[in-house]
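Colleague: Sharing a structure below in structure tokens format, with a few things to ask.
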Amino acid sequence: MPPDLRTYLKLVRAGFARQANYRLAMLAGLATNLVFGFVRAAILFAAVRSAGGTLAGYTAGTISSYVWLSQGLIGAIELSGSAEIGDRVRTGDVAIDFTRPVDLQTWHLAEDMGRAAYTLIPRGLPSVLVGALTVGLVLPRTPLPYLLGVLSIVLGVAISFYARYAVNILGFWLLDTRGVRTVYLVTCTFLAGLYVPVSLFPTWLHTLAYLTPFPSILQTPINVISGRDLGVDAVADISMQVIWVAVVCMVGRVLTSAGRRKLVVQGG
Amino acid sequence: MAEPSAWSPYAAVLASRMRAQLSYPTGFALDVMGSLLIAVTEFGEVWVIFHNVHVLGGLTFDAVLVLFGLSNLGFGTADLLFGHLDTLPVFIRAGTLDAFYLRPLPVLTQLMTSELDLRRIARMVVFAITLVVGLRLSHVSWNLHNFALVTISVVFGTVIFCALFVCAASLQFFLINAPELTNSFTYGGSYASSQPAAIFPTPLKLLFGFLVPVVFTGYLPTLALLHLPGPELLPAWLAWLTPVAALWVWLVALVLWRWGTRHYQGGGG
């Protein structure tokens with residue numbers, strides 16, 4: 001194994017271990033997931049009933065899967081718009097980070113992957129389990145959607161990370177990134193399909209949403225793992241995600257190198 | 001100079017907080033835009049649902065506008081007055097809460113008046129417009145009965161949500177670093193309050209109807225304004241008991257707060 005890769009794998013493990021320290025916070029996060037999940041499920045169930053049993057291809061069972069899978073993924077994909085790199089840019093600690101022998105963006109990606117993987121255990125799986133036990137879910141019975149689904153989730157987490165990284169790195173130019181982060185949070189949660197699946201959007205809004213990376217963060221992984229998109233469709237979904245990973249990653253890299261040139265360290 | 005009243009320390013802090021926010025006009029303008037965008041997307045979520053169906057939980061889109069406006073005006077005002085209580089976990093973790101204990105004023109009123117986030121006013125405009133448009137489209141006339149209902153709903157709705165902010169903050173004394181649980185009370189409560197409660201299964205009706213009585217802030221008054229009967233467990237006449245619901249949550253909030261502030265042991269240092 002090349003030494004570089006070993007470093008990043010250690011960082012993934014570190015991200016995982018660090019997250020594991022906040023047990024009570026995880027429990028609180030799970031409670032929040034469940035409250036929102038029950039309310040969202042009630043709304044979308046009522047909408048499916050009101051539409052006469054099917055709505056944009058969803059039945060009560062499949063919309064339930066949508067709700068609980070998305071509640072389960074909230075912790076991992078972290079739509080909040082905050083990333084640790086933001087604090088490091090604001091405090092100036094990033095100057096030290098640039099001297100480290102690892103790539104700044106990939107290092108933070110590795111830690112975030114570890115963090116995301118951990119959240120699936122205390123928040124992701126229990127959310128899906130609670131949904132299955134209380135209202136019932138319709139899930140695929142063959143292994144392929146799950147295998148592709150895991151890949152799609154990893155890609156979704158990566159897109160989310162790269163996007164948050166790009167937003168937070170703007171701190172090189174802005175005194176306070178809070179405004180930008182709020183705008184990101186609001187646009188991202190809506191267009192990713194957190195409250196209402198993107199599939200229910202009117203055509204123009206649906207088209208608009210798919211011009212952004214946001215549906216690839218949440219709607220796409222759920223489509224793949226729940227078997228809504230099968231075969232060629234699932235492969236097309238994943239290819240689209242790969243393109244978005246590349247695009248958003250590049251945006252972050254360009255901003256990082258521009259910011260690096262702008263950064264002035266006040267000695268001392 | 002007049003004798004300083006009991007309110008003057010609070011007024012001085014608030015005035016300084018407002019001046020501080022306005023001293024960065026660009027940042028403030030961005031924050032206002034963000035706050036407006038939040039209100040617009042919240043409305044967008046409701047609109048997308050009604051793009052697909054005509055009736056949800058017995059309410060038409062016009063009726064849901066009234067519900068959305070009422071509940072969010074209450075929550076928005078409470079968020080303006082008490083929303084900054086969610087910085088309590090930061091004070092607790094950093095140990096800076098000790099300073100609040102040392103001053104000769106109640107901790108809760110000091111925290112309440114420690115900030116007044118002006119940008120939060122922006123989205124109230126969206127909610128007020130939604131309410132007025134909804135009332136017009138639903139042909140609700142401005143007679144004494146309806147005026148009283150709207151006033152009770154917004155005023156006591158605010159009082160109810162303020163109490164929820166206090167409840168959530170009180171729990172922070174026990175759960176170090178778990179601001180997310182606060183969100184399930186406050187933002188979760190607000191989210192639930194802007195839905196037609198008829199769609200809820202019985203456990204949720206009981207939870208949001210009586211334990212965390214957010215249906216009093218929007219749904220019940222909407223039913224009463226539009227002369228709709230309401231589902232089982234939640235008849236429309238309950239709307240007139242909104243002050244009782246407010247009293248109940250404040251009782252719980254004050255007990256929890258007392259319990260929390262006594263439990264706090266200081267951050268040392």
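Where a number appears in this text, it was derived from the coordinates with a stated rule and is not lab data. From a predicted model like this one, the values you see are computed outputs, not experimental measurements. Note that each Cβ is placed from the backbone with ideal geometry, even for glycine, and that neighbours are counted across all protein chains shown.
Colleague: Averaged over peptide B:45-52, how many Cβ atoms belonging to another chain are found within 10 Å of each residue's Cβ?
Modeller: Mean shielding by partner chains, rounded to a whole number: 6.
Colleague: Could I ask something else about it? Against the longest alpha carbon principal axis of chain B, how many degrees, from 0 to 90 and to the nearest 10, is the axis of helix B:242-263 turned?
Modeller: Taking the Cα atoms of chain B, the angle to B:242-263 is about 30 degrees.
Colleague: Please report the net charge: other residues with Cβ closer than 15 Å to the Cβ of A:Arg100, K and R +1, D and E -1.
Modeller: Net charge in that neighbourhood comes out at -3.
Colleague: Further, regarding this structure: Per 5 Å bin, what percent of the C-alpha pairs of segment B:3-58 does each bin hold, from zero upward?
Modeller: 4, 14, 13, 12, 11, 10, 10, 8, 9, 6, 3, 1, 0
Colleague: On a 0 to 90 degree scale, rounded to 10, what angle separates helix A:3-19 from the longest Cα axis of chain A?
Modeller: 60 degrees
Colleague: Applying a 10 Å radius around every beta-carbon, put A:63-74, B:57-68, A:241-252 in order of their mean neighbour count, most first.
Modeller: A:63-74, B:57-68, A:241-252
Colleague: Consider just the alpha-carbon atoms of chain A and return their Rg together with their Dmax, both in angstrom.
Modeller: Calculated on Cα positions, Rg and Dmax stand at 19.3, 70 Å.
Colleague: What net charge is computed for the residues neighbouring B:Val64, neighbours being all others with C-beta under 15 Å from the C-beta of B:Val64, Lys and Arg scored +1, Asp and Glu -1?
Modeller: -2
Colleague: Output the Cα-based Rg and Dmax of chain B in Å, rounding Rg to one decimal and Dmax to a whole number.
Modeller: In order Rg, Dmax, the Cα atoms of chain B give 19.6, 64 Å.
Colleague: For chain B, calculate the relative contact order in percent as a whole number, restricting contacts to Cα pairs under 8 Å that are 6 or more residues apart.
Modeller: Reported as a whole number, the value is 26 percent.
Colleague: A further question on this structure: Tell me the mean residue ellipticity at 222 nm calculated for chain B from its helices only (DSSP H runs of n ≥ 4, each -39500 (n - 2.57), averaged over every residue, nearest 500).
Modeller: Computed mean residue ellipticity for chain B: -22000 deg cm²/dmol.
Colleague: If you average the alpha carbon positions of segment B:3-40 and of segment A:99-129, how far apart do those two centres end up, in angstrom?
Modeller: Cα centroid to Cα centroid, the span is 36 Å.
Colleague: How big is the protein assembly as shown on each of its three principal axes, counting only the C-alpha atoms and giving the largest first in Å?
Modeller: 76, 68, 40
Colleague: For a protection proxy built on the mean count of beta-carbon atoms within 10 angstrom, sort A:80-91, B:212-223 highest first, please.
Modeller: B:212-223, A:80-91
Colleague: Could I ask something else about it? Two decimals is fine: what is log10 I(q)/I(0) at q = 0.17, 0.23, 0.28 Å⁻¹ for segment A:118-184, from a Debye sum with one equal scatterer on every Cα and no solvent?
Modeller: After summing over all Cα pairs, the log10 values are -0.82, -1.03, -1.18.
Colleague: Averaged across orientations, what area in nm² does the convex hull of the alpha carbons in segment A:1-122 project?
Modeller: 10.2 nm²
Colleague: So, one more: Using a Debye calculation, one point per C-alpha and no hydration shell, please list log10 I(q)/I(0) for segment B:38-180 at q = 0.12, 0.13, 0.19 Å⁻¹ in order.
Modeller: -0.62, -0.70, -1.11
Colleague: Using the count of nearby Cβ atoms within 10 Å as a rough guide to exposure, how do A:Arg23, A:Arg178 rank from fewest to most?
Modeller: Placing the least packed residue first, the sequence is A:Arg23, A:Arg178.
Colleague: Next question. Sort A:His108, B:His84, B:His227, B:His51 so the one with the fewest other Cβ atoms within 10 Å of its own Cβ comes first.
Modeller: So the ranking, lowest neighbour count to highest, is B:His227, B:His51, B:His84, A:His108.
Colleague: Evaluate Rg over Rh across segment A:214-260, taking Cα atoms for both radii and Kirkwood's formula for Rh.
Modeller: A ratio of 1.18.
Colleague: So what are the radius of gyration and Dmax for the Cα set of segment B:139-269, in Å?
Modeller: 16.6, 62
Colleague: Between 0 and 90 degrees, rounded to the nearest ten: what's the tilt of helix A:60-77 against the longest Cα principal axis of chain A?
Modeller: Relative to chain A, helix A:60-77 is tipped by roughly 10 degrees.
Colleague: Between segment B:88-114 and segment A:201-268, what is the C-alpha centre distance in whole Å?
Modeller: If we compute the Cα centre of each part, the gap is 42 Å.
Colleague: In percent, what relative contact order does chain A have, based on Cα pairs under 8 Å that are 6 or more apart in sequence?
Modeller: So the answer I get is 26 percent.
Colleague: Quick one: order B:Phe161, A:Phe36, A:Phe214, B:Phe43 by neighbouring beta-carbon count within 10 Å, fewest to most.
Modeller: Starting with the residue having the fewest Cβ neighbours, the order is B:Phe43, A:Phe36, A:Phe214, B:Phe161.
Colleague: Cβ under 13 Å from A:Ala14's Cβ, A:Ala14 left aside: what net charge do those residues give with Lys, Arg +1 and Asp, Glu -1?
Modeller: +2
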